[in-house]
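Data block below; observations after.
The values are calculated or read from the model by the stated rules, or taken from the named source; none is laboratory data. Because the structure is a prediction, the values reported are computed rather than measured. Note: ideal-geometry Cβ built from the backbone for every residue, glycine included; neighbour counts use all protein chains shown.
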Amino acid sequence: MPVTFPNSKPYRNVGGNDALGILVYERDDDPPFAESSFIRRLNQFGSARGMPLFAFAPWTWEERNGSVKGWSWNDREGRWEPGRRMLPSVVYDRAWPETDAEKLRYRQAVRRLRESVKLVFLNGRLPNKGKVYECLAKNRTFSAYIPPTALFRGSASLSDWLSKHSHAAFLKPIAGSQGRRVVAIVVAEDGTVKLSGRRQDNQPFEVEVANEATALRRIERWIGSRPYIMQPFLELKGDHGEPFDLRALMQKGGDGRWSLTGIAARCGSPGMVTANLHGGGKASSARTMLSRLFGDIRGRELFEEATNMSYMIAVRLENVFGRFAEIGLDYGIDRSGKLWFLEANSKPGRAAMVSAGAEAARAAAEQPLSYARSILLRLATTDTRRSPQGRGCSLATTDMQRSLQGNGYATPGRVIHEFDHL
């Protein structure tokens, strides 16, 4: 049974539309949007619990009558059916625009909606990776888990980074997701350089070049004007050289309290640099994976360490960036058994939760509906996404913090605070 952490304030009673809207990016496909199987499952759960929901693209909103083109799943016919529906007051963002043009279209449509009507977003939105790292690094407990991080500022900055970090680096887009456009650079003793990573379409690549200067030129051309961050190339691999990480899914249910839905291990193929499921990785039991790699005792310790950190990180991110319904947290573990925080995702996938157990898989889909129902029943009169006043990142010391502070990982990672302008 998921454990809970009592930190969220209840909502006040007000009225509102009793349907939940699922924001999607509609295309001329069949089915007409991504994650259709997950949204279909949400639809079925909602119907069984008397909570209607439908999917819609934000640009289908008509201001004159306040309606949108909604997609509902017809279980009897086994198909998605469109129809005009009134714009709901609570929306759950599961849209996945892919190209720059699609992202622009989606942002503009959502902005138009938010400027015209009062909407409650079920989940908040995290800023770029650099700002998340920066916020966490302000606290000593968290900073011990943050890899050294700096902004990529061209070939010279990467060359300097390589000289300080064992001639290897990992670069990723500051606002990327699903492992797209990441690249690792490793300089061998003979001066040759291996570049490996994933393209925009998430296909893997591996290139070997003659020297560092050539590699730096290629990386700079490939990155272009996109903002990237640099980190050490951590050895986050299993016993057969396959990359692996942990995905923890933190969610709120109807009581508005944080709950750990589950932790799963994600494993990529040997030679790959990421373990993302979108990039061909496979999910497995975190407990089994950790026990096999580090032994039963250390495996249990790492699982509990990731559990404790997940609660504290979720609370901290919410205190700073506003309310959330769910957050996905990714961790890596190096060969020495050191746990590293990799990134947080405010639009997490949940396919890996099947490997965390049947209860976790069920809760991953049901928790957002329970939380949405509580909001619809007790909707606040203020925007639930409003961030707290101030920019501080303070967090009172708790028993969990004290236990973690004594775990031997006292050397904080250094984060360069240069992300505010991005």
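Just to be sure before I move on: is ARG217 within 24 Å of LYS131 (Cα to Cα) and either touching a helix residue (DSSP H, G or I) at 6+ places or on another chain (Cβ under 9 Å) or part of a loop (DSSP other than H, G, I, E, B) (or both) in the structure I sent? Talk me through it step by step, then tell me what you get.
Details: within 24 Å of LYS131 (Cα to Cα): no; either touching a helix residue (DSSP H, G or I) at 6+ places or on another chain (Cβ under 9 Å) or part of a loop (DSSP other than H, G, I, E, B) (or both): yes.
Answer is no for this residue.
Which count do you get for residues in segment 55-89 that are among the aromatic types (Phe, Trp, Tyr) and touching a Pro at 6+ places or on another chain (Cβ under 8 Å)?
Taking segment 55-89 first, the residues among the aromatic types (Phe, Trp, Tyr) are 56, 59, 61, 71, 73, 80.
Going one step further and asking which of them are touching a Pro at 6+ places or on another chain (Cβ under 8 Å), we end up with 71, 80.
Residues flagged as among the aromatic types (Phe, Trp, Tyr) and touching a Pro at 6+ places or on another chain (Cβ under 8 Å) within segment 55-89 amount to 2.
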Pull up segment 336-380, narrow it to residues that are assigned to a helix (DSSP H, G or I) and among the acidic types (Asp, Glu), then point me to the one that is nearest to ARG316 (Cα to Cα).
GLU366
If a residue has to be free of Cβ contacts under 8 Å to residues at least 24 places away in the same chain and buried (at least 21 other Cβ atoms within 10 Å of the Cβ) to count, how many in segment 143-191 make the cut?
0
Residues that are at pLDDT 95 or above and either outside any helix (DSSP H, G or I) or of a type in the set (S, T, N, Q) (or both): does segment 108-127 have at least one?
yes
I'd like to check something: does segment 52-67 contain any residue that is touching a Gly at 6+ places or on another chain (Cβ under 8 Å), in a loop (DSSP other than H, G, I, E, B), more than 21 Å from PHE324 (Cα to Cα) and touching a residue at least 12 places away in the same chain (Cβ under 8 Å)?
yes
How many residues of segment 282-303 are touching a residue at least 24 places away in the same chain (Cβ under 8 Å), farther than 15 Å from ALA356 by Cβ and either surrounded by fewer than 17 Cβ atoms within 10 Å (Cβ to Cβ) or out of contact with any helix residue (DSSP H, G or I) (no Cβ under 8 Å at 6 or more places or on another chain) (or both)? The answer is 2
Could you grab the pairs with beta carbons closer than 6 Å, sequence gap of 6+ or different chains, first residue in segment 256-281 and over 24 Å from PHE233 (Cβ atoms) and hydrophobic (A, V, I, L, M, F, W, C), second one at pLDDT below 65 and part of a loop (DSSP other than H, G, I, E, B)?
LEU260/PRO2
